[in-house]
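Notes follow the structure.
The values are calculated or read from the model by the stated rules, or taken from the named source; none is laboratory data. From a predicted model like this one, the values you see are computed outputs, not experimental measurements. Cβ sites come from the backbone with ideal geometry, for glycine too, and all protein chains shown count toward neighbours.
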Amino acid sequence: MNIILNGQPFELPDDATVASLIHLRQQSGHLQTPAYAVERNKEVVFRPDHPTTPLAPNDKIEIVVMVGGG
C-alpha cells in the first residue's frame, strides 16, 4: 500500500500498523531518537495505540522528531 509519509510517497505492506512503520524507520536509520510523535491524518496517535492502529492506503503520516538544545 502507498501512504504519504512526511509529505513524500512511501510504500508499506498491506497489513502495516503505526508500530511497524516506526520499526521500519528505526531499522533504516531514519528515526534514531525515542523523542518523536506520530500524526495520522491530522490526529495524534499515542504510543500505546501504535501496535493497534492500522494504516490504510493514502493515509497522511507525519513523524515529528523532538529536538532539544540550549
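List of remarks:
- All told, PRO51 meets the bar of being loosely packed, with under 14 Cβ neighbours inside 10 Å, under 18 Å from ASP14 (Cα atoms) and free of Cβ contacts under 8 Å to residues at least 40 places away in the same chain.
- A Cβ distance below 6 Å, combined with a sequence gap of six or more or placement on separate chains, defines the contacts here; from segment 57-70, residues that are on the phi < 0 side of the Ramachandran plot and among the β-branched types (Val, Ile, Thr) reach residues that are at pLDDT 95 or above and surrounded by 12 or more Cβ atoms within 10 Å (Cβ to Cβ) in the pairs ILE61/ILE3; ILE61/LEU5; ILE61/ARG40; ILE63/TYR36; ILE63/VAL38; VAL64/ALA37; VAL65/TYR36.
- Among residues of segment 22-48 that are under 15 Å from LEU12 (Cα atoms), those with a beta-carbon under 8 Å from a residue that is polar (S, T, N, Q) and at pLDDT below 95 at least six positions away or on a different chain give the pairs GLN26/GLN32.
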